[in-house]
Amino acid sequence: MDRLAATIGSPARLLVKRDDLTGLALGGNKARKLELLGAEALARGCDTLVTGGGAQSNHARITAAAASRLGLGCHLALAGREEHRRDGNLLLDELFGATVHFTAAREYDEIERSIDALAEELRAAGGRPFAIPVGGASVTGVVAYALAVDELRAQIDDDPDWIFVADGSGGTHAGLLAGLGAGSRTRVVGVDVGTRPDLDGVVPRLASEAAAASGRAAPSATVIVDHDHFGAGYGALSDECAHAIRTVARTEGILLDPVYSGKAMAALLDRLQDGRIRAGERVVFWHTGGAPALFANRYEVSLTQEP
Ligand SMILES: Cc1ncc(COP(=O)(O)O)c(C=O)c1O
């Protein structure tokens, strides 16, 4: 992202890993996780994928698309109410034929419980559901991001000095740590987007579990979670996030999103500008996708105009 670096006057070398282009149903990080989770569901003889998240969950949209691709059913437990406008990811969930259940759930743990309850209901009715936790953050889903590091290493000469990534469930961050393994000098900054309060504990635990499950050495890197950029909370668009989205759109022609990647980029821009990232260091911004949320009605005006 040379034009971005030049525009903000940064002497660092900025690279972007385009997981917004992973290929399934408008892409994003969840496509990598669903590749392994879908295989696990088929291997177990399941007939329906069940997951959940916020009303504009990218993970739900990609799970719905994966279910279509694999010939499985899909049930989604979403936080919110029936009267939600059918825009952005929610429109796509229904386009893929998923059955959407709005739950009263608000907190992360409540959504996890509604996924389990929904799976239980389907099982009691004779179905063979495969329950996927919020964000696809089971060990299998996390392993997908250990494998993604192998892909990155085949694309660039040396491990980067920094990786920046959005942290929702923490699964992507954990997988990257598992993939980098012991002794890597890369500092991975996971940017908390306000989804769950326990990232500092969850990320190292999932990283160790994924490393063990994929036969890798336990990761040694210090876990860095940036808690300074979620603004007013999950899904609430902040000025610095909108600014980051506009800046990247207008310098690189790349779309970030208002909930995840825009906040991760806001954190990266801060660290580039305050000197914590030094001249010549190589930074990989791990783009996790999410652009369908740009088309959720509430963001229109505040996104495109400076306040
Ligand atoms: C676009 C986007 N980026 C980042 C994340 C966070 O990934 P993880 O849940 O693996 O932390 C999500 C998860 O919902 C997402 O949809």
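Please treat every number below as a calculation from the coordinates, not as lab data. None of the values given here were measured: they were computed from a predicted structure. Methodologically, a virtual Cβ is constructed for each residue, glycine included, from the backbone with ideal geometry; neighbour enumeration extends over all protein chains shown.
In segment 73-91, of all residues being part of a strand (DSSP E or B) and not aliphatic (A, V, I, L, M), the one that is farthest from GLU110 (Cα to Cα) corresponds to GLY73. Among the residues of segment 61-96, write down those that are among the charged types (D, E, K, R) and buried (at least 24 other Cβ atoms within 10 Å of the Cβ). The answer is ARG61, ASP93. Residue-level check: of (1) within 12 Å of the ligand (Cβ to nearest atom); (2) assigned to a helix (DSSP H, G or I); (3) touching a strand residue (DSSP E or B) at 6+ places or on another chain (Cβ under 6 Å), ALA144 misses just (3). Of ARG69, ARG61, all but one fail to be within 13 Å of the ligand (Cβ to nearest atom), part of a helix (DSSP H, G or I) and touching a residue at least 24 places away in the same chain (Cβ under 8 Å); the exception is ARG61. Could you figure out which of (1) assigned to a loop (DSSP other than H, G, I, E, B); (2) closer than 25 Å to GLY126 by Cβ; (3) within 16 Å of the ligand (Cβ to nearest atom) isn't true of GLY45? Answer for GLY45: the failing condition is (3). Looking only at segment 167-191, residues that are over 16 Å from ALA207 (Cβ atoms) and within 11 Å of the ligand (Cβ to nearest atom) come to 1 in all.
For (1) touching an Asp or Glu at 6+ places or on another chain (Cβ under 8 Å); (2) touching a residue at least 24 places away in the same chain (Cβ under 8 Å); (3) under 24 Å from GLY136 (Cα atoms); (4) of a type in the set (Val, Ile, Thr), each residue gets a yes or a no:
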position	(1), (2), (3), (4)
LEU199	yes, yes, yes, no
VAL203	yes, yes, yes, yes
PHE230	yes, yes, yes, no
LEU237	no, yes, yes, no
ARG250	no, no, no, no
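Do you know which residues across segment 8-23 are part of a helix (DSSP H, G or I) and closer than 16 Å to ILE277 by Cβ? Give the derivation first.
To start, the set of residues in segment 8-23 that are part of a helix (DSSP H, G or I) comprises 8, 19-21.
Correct list: ILE8 only.
Determine whether LEU122 is in a helix (DSSP H, G or I), surrounded by 22 or more Cβ atoms within 10 Å (Cβ to Cβ) and on the phi < 0 side of the Ramachandran plot. For LEU122, the condition - in a helix (DSSP H, G or I), surrounded by 22 or more Cβ atoms within 10 Å (Cβ to Cβ) and on the phi < 0 side of the Ramachandran plot - is not met.
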